[in-house]
Every structure is written in C-alpha cells, then in structure tokens.
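Inspection log for the structure reproduced underneath, given as structure tokens.
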Amino acid sequence: MFPGSGTGGWEAAISNTLSTGDRVLTSSFGQFSSLWVAMCREFGLDVVNCDVTWGEGVPLDQYREKLEADKSHMQSKLFWSVTTKPRPALPVMLAVFAHS
C-alpha cells in the first residue's frame, strides 16, 4: 500500500527508477503530460521533450526522430508518454521502438 496522492505515486515512480542526470524522452501535449515533464525536471533529469500543440496527442514521428538520432541506444534511460487511449496507441508506439 502507498499512502499518498497520485502525485506522490509519480514521485515514487521517478525516484525509485531514475537518478539525477538520467536522460528521459518525453512529450508535452496537454496538462497531464506537461505536469509529468515538470516533475522530471524537478528531479534533475535530463529531459528531452517534444512540444506539440495541446490536444494533438503522442508525437510518434518526433519520438522516432529522437530515438534514431541516439545511435548508441544508451542516451535515453526512459521513454515517457501519456496517452488517453492506450489500446490503439500501444502497438504504434511499440513499432516506433522496434525500428529505432
């Protein structure tokens, strides 16, 4: 059991999986995703953020571009995305990773 708010759960997720300076790939396309990005920055993570127009959704083309540019496949420790419709988005997101 975790006694805390949803934000406390976010903090626990970040602090238990990442360290200051770790690079994460994120995107901002609405309030919820922007709050995640802000929290990553507050924890001192090296945030590579894809800013898109609010409401546009997950910027898969930008993710692919960033991941393909990471030739060592070691720069980003985490790929972070918020999606409101995980079922349709998940296969597409996995395809982006498979080809990067």
Thr7, Thr26, Thr53, reordered so the largest accessible area comes first (probe 1.4 Å): Thr53, Thr7, Thr26
Around Phe43: net Lys/Arg minus Asp/Glu count, Cβ-Cβ under 11 Å: -3
The range 1-61 shape via C-alpha gyration tensor axes, a/c threshold 1.5: oblate
Top positive-direction residue, dipole computed over the range 1-71 with Cβ charges, set Val47, Ser19, Tyr63: Ser19
Interchain or long-range residues, amide H under 5 Å from Leu45's placed H: Gly21
Probe 1.4 Å - accessible area at Trp36, Å² to nearest ten: 30
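The values are calculated or read from the model by the stated rules, or taken from the named source; none is laboratory data. Worth saying up front: this structure is predicted, and the values here are computed from it rather than measured. Please note: Cβ atoms are built from the backbone with ideal geometry, for glycine as well, and neighbour counts cover all protein chains shown. SASA here: full protein model, heavy atoms, side chains in, ligands and nucleic acids out. Shrake-Rupley method; radii C 1.70, N 1.55, O 1.52, S 1.80 Å.
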